[in-house]
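The values are calculated or read from the model by the stated rules, or taken from the named source; none is laboratory data. For clarity, every value in this text was computed on a predicted model and none was experimentally measured. In this analysis, Cβ positions are derived from the backbone assuming ideal geometry, glycine residues included, and neighbour counts consider all displayed protein chains.
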Amino acid sequence: LDLVEHIAFVSKPFRGMESYYIGFFNSDGDCVFKVYVGRDKKRQLFPQQVEAFKQMKKEFAA
């Protein structure tokens, strides 16, 4: 955790599907780890997690 310098909220397509994650980056811009929004058994994003992601992104941007 001492390596983490930046946190980014990332939303982008991945393998043709919508994807959301919170990325934790070191001072060189390398990703230390990611936390993804979850999916159900049908590979659909959990809507409540997508909404929570978007809310956190707003709060961190303010």
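Checking each residue in the range 40-62 for being of a type in the set (D, E, K, R) and touching a Phe, Trp or Tyr at 6+ places or on another chain (Cβ under 7 Å) picks out ASP40, LYS57.
Do you know which residues across the range 33-53 are surrounded by 14 or more Cβ atoms within 10 Å (Cβ to Cβ) and free of Cβ contacts under 8 Å to residues at least 40 places away in the same chain? Explain how you work it out, then say what you get.
First, the residues of the range 33-53 that are surrounded by 14 or more Cβ atoms within 10 Å (Cβ to Cβ): 36-37, 45, 49-50, 53.
Within the range 33-53, TYR36, VAL37, LEU45, GLN49, VAL50 meet the criteria.
To keep it simple, each residue is scored yes or no on (1) exposed (fewer than 10 other Cβ atoms within 10 Å of the Cβ); (2) touching a strand residue (DSSP E or B) at 6+ places or on another chain (Cβ under 6 Å).
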position: GLU18; (1), (2): no, no
position: PHE25; (1), (2): no, yes
position: ASP30; (1), (2): yes, no
position: PHE60; (1), (2): no, no
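The set of residues in the range 11-26 being farther than 15 Å from ARG39 by Cβ, part of a strand (DSSP E or B) and at pLDDT 95 or above consists of ILE22, GLY23, PHE24, PHE25. Looking across the range 35-60, the residues that are basic (Lys, Arg) and in a helix (DSSP H, G or I) come down to LYS54, LYS57, LYS58.
Whether any residue in the range 27-34 is under 9 Å from the mean Cα position of the chain (by Cα), modelled with pLDDT of 95 or more, of a type outside the set (S, T, N, Q) and assigned to a helix (DSSP H, G or I) is what I want to check. No, the range 27-34 contains no residue that is under 9 Å from the mean Cα position of the chain (by Cα), modelled with pLDDT of 95 or more, of a type outside the set (S, T, N, Q) and assigned to a helix (DSSP H, G or I).
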